[in-house]
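A.B. asks: Take a look at this one; I'll ask things after.
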Amino acid sequence: MNKQYVAKLILGCGLAWSSIAQALISDIELYRGAQLVKSVPEVEVDTEIPLAKIQRVGRGWEPEVVQRVVGNVQKNLYKIGRNVPLENVIEHYREALQSLDGATVEYQCESRSCGSSNAWANNFFKDYLLYGPDGKQFLMVVSEASGAYQVLYINRRGAGDIMVRLDEIVPEQDKSVDLEIVAQMSASDQPRIRRFLDDLSNDERVVGFVTSSGSLDKTALAIGDETIETILAGLNDSQKQKVKFVNIANLGRATLGDDRIIFIYSQ
């Protein structure tokens, strides 16, 4: 399913869950051959957005200027092969971020002007895999029209491979509109799913958000697709007309759990 369509569907249903909507809207094309090393979602956390080079402060290290926000964060780390030119990777992501809707470059630095790579890796991002020579690093912070921020850090490690850290930060929105969950259940509880749909009146329609976790040989997105196919195969035509399933993979696992279905009214 097209990500833009899914995002519009979520928003159209009155879902005030900005972390999912924004993560789907900000569809940044990965560099060819980039391999996902890890993806970590965090919900309602206090986050620092760097707006200057990093420096020593007392016994620690901090960027000279930061913006603090409370919101939801998706942290992604990618690895790119050692034979790829670093400048090609930097230019690819620079263009991708600048092409986002309403993109504004809040801060950008390259090479030694960013400060210590060791400090960025171990003190700020807290991920030793990002450490490399100071002269091979690139940092870019972009804000979007939606209010989200993208924080990009790239470095070529001593072993030669290129590490790309891309964090999407969605500041907390007005909580006056809450998510009204009609029902939630295990994605494998087919009898309960059928009973729930049968209990809906003929003019009631719901959206079922399906969460999933990845495995060693399959992504969370692929597993979510398979889960939805299995559920649909067990529904009759009347039940299918009442529901639209949306695969949100592991984007909602921090708040909703793995392998769950969360139903909300579609109108």
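The values are calculated or read from the model by the stated rules, or taken from the named source; none is laboratory data. Just so it is clear, the structure is predicted and the values come from calculations on it, not from any experiment. All Cβ positions, glycine included, derive from the backbone under ideal geometry; neighbour counts span all protein chains shown. Surface areas here come from the heavy atoms of the whole protein model, side chains and all, with no ligands, DNA or RNA. Shrake-Rupley method; radii C 1.70, N 1.55, O 1.52, S 1.80 Å.
A.B. asks: Please list 192, 260, 59, 82 in order of solvent-accessible area, largest first, computed with a 1.4 Å probe with all protein chains present.
C.D. replies: Accessible-area ranking of 192, 260, 59, 82, largest first: 59, 82, 192, 260.
A.B. asks: Determine the gain in length on full extension of the stretch residue 42-residue 229; use 0.36 nm per residue of separation and subtract their C-alpha separation, reporting nm with one decimal.
C.D. replies: 64.5 nm
A.B. asks: Simple spin-label model, 7 Å along Cα-to-Cβ: residue 215 to residue 99 in nm?
C.D. replies: For the pair residue 215/residue 99, the computed spacing is 3.5 nm.
A.B. asks: Of the accessible area of the stretch 34-171, with the probe set at 1.4 angstrom, what percent is carbon plus sulfur?
C.D. replies: Ligands and nucleic acids excluded, carbon and sulfur reach 43 percent.
A.B. asks: Can you send over the carbon and sulfur percentage of the accessible area for the stretch 181-265, probe radius 1.4 Å, protein chains only?
C.D. replies: 46
A.B. asks: If you don't mind, there's one more thing I want to ask. Modelling each spin label as a point 7 Å along the Cα-to-Cβ direction, I'd like the residue 201/residue 123 distance in nm, to one decimal.
C.D. replies: For residue 201 paired with residue 123, the spin-label model returns 6.2 nm.
A.B. asks: If you don't mind, another one. Multiplying the sequence separation of residue 68 and residue 240 by 0.36 nm and subtracting their Cα-Cα distance, what value in nm do you get?
C.D. replies: 57.5 nm
A.B. asks: Going by accessible area, probe 1.4 Å, with all protein chains left in place, what is the ranking of 30, 36, largest first?
C.D. replies: Ranked from most to least accessible, the order is 36, 30.
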